[in-house]
Amino acid sequence: MGIKTIPLSDLEADLKKALNECADTGATVVVELPDRRLVALQPLDPTEDDDLINELLESDASFRALVARSKASPRKPFAIGSHSPNGGNTGG
């Protein structure tokens, strides 16, 4: 497991590829934003994932509020095979 740094344009060009590479290799992907800020994508171990959620629910009031708002909001179905935010298939 290492760290890979990519520009935001690479992430935007193929989000699915970047996320799969992060999950498959276990490497942290650091995305460099145009204003030079950095954002990290890091895979989570599925066996440890529940602990993280539980810790956040127990210790972070803003996270609890976010979960409550999410549970109360209407659900929109995922468009299978869609790669664009508006639900249309971009063919990629």
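Out of P34, P7, report the one residue that is modelled with pLDDT of 90 or more and touching an Asp or Glu at 6+ places or on another chain (Cβ under 6 Å). Step through it out loud before you land on a result.
Details: P34 fails: touching an Asp or Glu at 6+ places or on another chain (Cβ under 6 Å).
One residue alone meets the criteria, P7.
Taking the range 15-60 as the region of interest, how many residues are within 13 Å of I3 (Cα to Cα) and in contact (Cβ under 8 Å) with a residue 40 or more places away in the chain?
Total satisfying the criteria: 0.
The values are calculated or read from the model by the stated rules, or taken from the named source; none is laboratory data. From a predicted model like this one, the values you see are computed outputs, not experimental measurements. Backbone-built Cβ (ideal geometry, glycine too); neighbour counts: all protein chains shown.
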